[in-house]
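Data first, discussion second: the structure below is written as structure tokens.
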Amino acid sequence: MAYQGFLEQKPGFSTSAIHSGQEKLEGVEPVVQPIVTAATFKLSEPGVVDKIYYGRCGNPNRYSLERCLATLEGGKHGFAFASGHGAMMTIFSLLSNGDHILSCDDIYAGTAHLFNEVIIRMGIEVTFADFTKVENVEKAIKTNTKMVWIETPTNPMLKVIDIATVIKSVKKHEDIMVGVDNTFLTSYFQKPLDFGADIVMYSLTKFMNGHSDVVMGGAVVNDDKIAERLTSLQMFVGAVPSPIDCYLVSRGLKTLALRMEQHKKTSLIIANWLLTHENVIDVLHPGLPTHPQHEIAKRQVSGHSGIFSFKHSGGLEQSKKFLCSLKIFILAVSLGGYESLAQLPYTMTHSALSEEKRAEFGITDSLIRLSVGLEDPEDLISDLDQALKAAFA
Ligand SMILES: *Cc1c(COP(=O)(O)O)cnc(C)c1O
């Protein structure tokens, strides 16, 4: 209809803007998967749901990533979530009011918050034990234990938990699922399903994506029944990732092996260099023969990532000076990207723990956690060297 004497608008403009050019392009086969951002999908018949129909319930980019995650882990079913926390929240939703989760003690601080602030308020009991001694696990299992949660290596102390031994002792009891947080090593270096784990979980935010530009979580399981329940819970809890993020993580995975090999090499070079430094009193790296669980590590992993910690001979002041003097390592939380990061768990990631808990775990004000990235090892060493010099000047 004409507007106050102006030219007449041709009909159908908005309909065309919405529908024109939306047909599939026949004969086009992109080498890289197109990103499908659709929140809803056309159905063939009312009431017949035989394909992807709604973005929360399924998406082509998510499905591709989930298949790849399952394959890399050597499992049957893969799941992607909006974050590592989204993955854990969905996994813990497998349990009910009155159930008990037994978790290892030296875990990712966010996981501890999730247990203590959310899960226990749902009427699920959570207790913690040091899993490096299997008798602690045995003692802590209760009649209502339904899940055992393992994170290895632990954060930030890099303790290695013997997955096979813990699982053997847990599986003497019926109906206890074992979940393993595989964020630190990824499916490239550690395959918990091979040792009998029921659920492998990752923060894909870290090494799996590897580029510090996505927050996402994942899980892989073998058991069809657990997979069926997780498929429903993924939909009901709704912590699903965006298609663009799925695309980015799929891209990251293509270089996972190359990146992990380099993280391993560089982190060992740096760990060995730190061992000889006059101001360093301890280096916690499972790849070093001096590590207390080095032999267990050799039995259960094929390598190590860029994550490790060290203690210097100073205190809080030296830690601050050291971290603020770094020029290549960035003072930041998180880990697993191509860029090197350094942080002080005592006042940063683990500051919410009580003074006694931090002391018990060995998280002192001189414990520095590094995430060694993919820069040239010589440059990283020079950077650490000058920052240690500045700290102890
Ligand atoms: C980061 C991290 C998580 C949480 O993942 P988000 O993606 O931040 O939600 C869980 N476990 C470990 C070991 C992590 O490093």
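Residues that are farther than 27 Å from Asp162 by Cβ and within 13 Å of the ligand (Cβ to nearest atom) occur in the stretch 230-243; there is at least one. Of all the listed residues (Gly74, Gly21, Gly55, Gly5), the sole one being at positive phi and in contact (Cβ under 8 Å) with a residue 24 or more places away in the chain is Gly74. Looking across the stretch 128-147, the residues that are surrounded by 15 or more Cβ atoms within 10 Å (Cβ to Cβ), more than 16 Å from the ligand (Cβ to nearest atom) and free of Cβ contacts under 8 Å to residues at least 60 places away in the same chain come down to Ala129, Asp130, Val134, Asn136, Val137, Ala140, Ile141, Thr145, Lys146.
Listed by first and then second residue, the pairs linking a residue in the stretch 193-216 that is within 30 Å of His173 (Cβ to Cβ) to a residue that is among the polar types (S, T, N, Q) and near the ligand (Cβ under 9 Å from one of its atoms), with Cβ atoms under 7 Å apart and 6 or more places separating them unless they lie on different chains, are Val200/Asn182; Met201/Asn182; Tyr202/Asn182; Tyr202/Thr183; Ser203/Thr183.
Restricting attention to the stretch 61-96, the residues that are of a type in the set (S, T, N, Q) and away from the ligand (no atom under 16 Å from the Cβ) add up to 4.
So which of Phe322, Phe310 is under 25 Å from the mean Cα position of the chain (by Cα) and more than 16 Å from the ligand (Cβ to nearest atom)?
It is Phe310.
With respect to (1) under 28 Å from Asp198 (Cβ atoms); (2) in contact with a Leu (Cβ under 6 Å, 6 or more places away or on another chain); (3) charged (D, E, K, R), the lone exception for Lys311 is condition (1). No other residue among Gly123, Gly98 is over 30 Å from Pro292 (Cα atoms), surrounded by fewer than 20 Cβ atoms within 10 Å (Cβ to Cβ) and free of Cβ contacts under 8 Å to residues at least 40 places away in the same chain apart from Gly123.
Just one residue in the set Ser187, Ser212 is buried (at least 22 other Cβ atoms within 10 Å of the Cβ) and within 16 Å of the ligand (Cβ to nearest atom); that residue is Ser187.
Would you please name the residue that is farthest from the ligand (Cβ to nearest atom), looking only at residues in the stretch 97-120 that are acidic (Asp, Glu) and not in a helix (DSSP H, G or I)?
Restricting to residues being acidic (Asp, Glu) and not in a helix (DSSP H, G or I), the top hit is Asp99.
Of the helices (runs of 4 or more DSSP H) lying entirely inside the stretch 298-393, the ones with 2 or more residues being modelled with pLDDT of 95 or more, of a type in the set (S, T, N, Q) and buried (at least 17 other Cβ atoms within 10 Å of the Cβ) are found at 316-325.
Taking the listed residues Val160, Val180, Val118, the one that is surrounded by fewer than 19 Cβ atoms within 10 Å (Cβ to Cβ), within 30 Å of Gly252 (Cβ to Cβ) and in contact (Cβ under 8 Å) with a residue 12 or more places away in the chain is Val118, with no other qualifying.
Among the conditions (1) touching a residue at least 40 places away in the same chain (Cβ under 8 Å); (2) out of contact with any Phe, Trp or Tyr (no Cβ under 7 Å at 6 or more places or on another chain); (3) hydroxyl-bearing (Ser, Thr, Tyr), the only one that Ser103 does not satisfy is (2).
State all residues of the stretch 280-304 that are of a type in the set (Ser, Thr, Tyr) and over 16 Å from Lys265 (Cα atoms); if no residue qualifies, say none. Matches in the stretch 280-304: Thr290 only.
The values are calculated or read from the model by the stated rules, or taken from the named source; none is laboratory data. All of these numbers come straight from a predicted model, not from anything done at the bench. Using ideal geometry, Cβ is built from the backbone for each residue, glycine included, and neighbour counts are taken over all protein chains shown.
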